[in-house]
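Visitor: Just passing along the structure, written as structure tokens.
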Amino acid sequence: MSVFNDAIKNFLSPIEDLLSDDSISEIMINGPYEIFIEKSGKIIRTDYRFKNNENLMSAMRAIAQAVGKKFDSDEPRLDANLPDGSRIAAVLSPISTNGTAVSIRKFFKEKVLLKDLIAWGAISKDAARFLDICIYLGKNMLVSGGTGSGKTTLLNILASRISNNERIIIIEDTKEMKLEDQHVVHMITRKEDPTQNIKGITTQDLLHSAMRLRPDRIIVGEVRSGEALDLVNAMNTGHDGSMGTVHANNPDEACLRLETLCLQSGTKIPPNSLKLMIANALQVVVQTKRFSDGKRRVSHVSEVLGVNDDGSYRLEHIFEWTQKSKNDETGELIGELAPCQYLPTFFDQIKVNKLPFPSSKFERPDWVKKLKKAA
Ligand SMILES: Nc1ncnc2c1ncn2[C@@H]1O[C@H](COP(=O)(O)OP(=O)(O)OP(=O)(O)O)[C@@H](O)[C@H]1O
Ligand SMILES: [Mg+2]
């Protein structure tokens, strides 16, 4: 178990098999006697268990200690990275009522590339090339999706396509993004710890610093609070090609979610102006989704166009995942991230820059037309 040092190996021996199995992407512990795993997109209950809650707590404390954090009644929540980059989150009982709750998110050992997503059917070749073009053209993008839908993975892939001579500033709560050989400053927020006289540093604080560090692009790993307004401001003030992720179920909701988060900053900007600011800042929303067959795919690539009279955001889907059929044996959904017969407003930039992506790539395929007609 290379992930952990010898001192904590013992504590984790009850789940050693799960930790060393690379085909398991997540281990979820609901108290000592209930351990679930995610394997090939499926959530499976296992027979693995800790002896009792005390043992489970000790294991988590040992991990916390190994990464220089605390996990006790004063600090009953743990968010940390393990030495191999896995992400661990834990909540101590009795805050978590059925015993200490833990989630260990393991990431792919190998760096995931756009071509891997294509090979897994998580994105179509053309949509992938289109996103690549959006990065090249410096479009401001938001990756939206539910919990564990693959947002961070996709954000990382998109960021890795940014050219080497652009200065990228990444802000995260726990270090999940990995960029190699790029011009990157990576900043991590810090929790307040009054007992140690340690002041908290928020994403918003780091965004303020980032603006002074001459960034070309700013990337916020997860936009989850009032810092949304700073990101929108950054996007509107020349930091083209900035990106972030939000929790939302579709591209429309992503814009609304960003608006709600902006309001959490306590801003006095009138609602209509705020909406216009957001619609102006954001150009493309990429929606990720974990489908009913357990597979993670990009479900939409949409352009943000403006605000309607009723205050809703005006979006057009450029690509939308459409189901063709289903594999009866495996339960796998069969479909494609198909173009929606919509030409993005920045198509002229694609042409002017001589990027090999003709307008025909945006035409809706006949099979989708037929399906839409039948519906
Ligand atoms: N297209 C994909 N196919 C299969 N597995 C994937 C895919 N994308 C991501 N994963 C895996 O799914 C898990 C969740 O991915 P990721 O952390 O990117 O999701 P997230 O939406 O950012 O989650 P969270 O909401 O917790 O921030 C990880 O184990 C990751 O390696
Ligand atoms: Mg994430």
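Taken together, the values in this text are just the output of simple stated rules run on the coordinates, not laboratory data. As the structure is a computational prediction, the values presented were derived from the model and not from experiment. With ideal geometry, Cβ positions are generated from the backbone for all residues, glycine too; neighbour counts draw on all protein chains shown.
Visitor: Taking just the alpha carbons, could you work out the radius of gyration and Dmax for the chain, both in angstroms?
Guide: 21.9, 65
Visitor: In sequence order, what are the phi-derived ³J(HN,Hα) couplings for the range 340-350 according to the Karplus relation 6.51 cos²θ - 1.76 cosθ + 1.60 with θ = phi - 60°, rounded to whole Hz, with x for glycine and proline?
Guide: Karplus values, whole Hz, x for Gly and Pro: 10, 6, 10, 8, x, 4, 9, 4, 4, 5, 5.
Visitor: Please order Phe319, Phe36 by the number of other Cβ within 10 Å, starting at the fewest.
Guide: Final ranking by Cβ density, sparse to dense: Phe36, Phe319.
Visitor: Distance between Cα centroids, the range 63-128 to the range 213-262: provide it in whole Å.
Guide: 22 Å
Visitor: For the range 13-36 and the range 330-353, what is the separation of their C-alpha centers, rounded to whole Å?
Guide: 38 Å
Visitor: Continuing with this model, one more query. If we count other beta carbons within 10 Å of each Cβ, what is the order of Val112, Val301, fewest first?
Guide: Details: Val112 19, Val301 27.
Exposure proxy ranking, most exposed first: Val112, Val301.
Visitor: Could you let me know the centre-to-centre spacing of the range 292-320 and the range 177-199, using Cα atoms, in angstrom?
Guide: Taking the Cα centre of the range 177-199 as reference, the centre of the range 292-320 is 32 Å away.
Visitor: Highest GNM mean-square fluctuation, the chain, Cα pairs closer than 10 Å: which of Asp205, Asp181, Asp132?
Guide: Asp181
Visitor: Still on this structure, please answer the following. With θ set to phi - 60° and the Karplus curve 6.51 cos²θ - 1.76 cosθ + 1.60, what are the ³J(HN,Hα) couplings of the range 115-122 in order, to the nearest whole Hz, using x for Gly and Pro?
Guide: 5, 5, 4, 5, 4, 7, x, 7
Visitor: Tabulate in residue order the Karplus-calculated ³J(HN,Hα) for the range 334-339, using 6.51 cos²θ - 1.76 cosθ + 1.60 with θ = phi - 60°, rounded to whole Hz; enter x for Gly and Pro.
Guide: 10, x, 8, 7, 8, x
Visitor: May I pose another question? Report, in degrees rounded to the nearest 10, the 0 to 90 angle that the Cα long axis of helix 125-136 makes with the longest principal axis of the chain.
Guide: Rounded to the nearest ten degrees, it is 90.
Visitor: Then there is this: Sort Val368, Val185, Val298 so the one with the fewest other Cβ atoms within 10 Å of its own Cβ comes first. Walk me through the intermediate numbers first.
Guide: On the way: Val368 19, Val185 14, Val298 25.
Exposure proxy ranking, most exposed first: Val185, Val368, Val298.
Visitor: OK, next. Using +1 at the C-beta of Lys and Arg and -1 at the C-beta of Asp and Glu, which of Tyr33, Gln341, Ser292 has the Cα lying farthest in the positive direction of the dipole of the chain?
Guide: Among Tyr33, Gln341, Ser292, the one farthest towards the positive end of the dipole of the chain is Gln341.
Visitor: Still on this structure, I have one more. Expressed in nm to one decimal, what extension gain is obtained for the pair His208 and Ser93 from 0.36 nm per residue of sequence separation less their Cα-Cα distance?
Guide: On the way: separation 115, 0.36 × 115 = 41.40 nm, distance 3.63 nm.
Full extension of this stretch gives 37.8 nm more.
Visitor: If packing is taken as the average count of other Cβ atoms within 10 Å, what order do 254-264, 75-85 fall into, highest mean first?
Guide: Values: 254-264: 20.3, 75-85: 15.5.
Answer by packing, highest mean first, reads 254-264, 75-85.
Visitor: Next question. Report the relative contact order of the range 305-375, percent, no decimals, based on alpha-carbon pairs under 8 angstrom and at least 6 residues apart. Please list the in-between numbers first.
Guide: On the way: 78 pairs, mean separation 16.9, N = 71.
For the range 305-375, the relative contact order is 24 percent.
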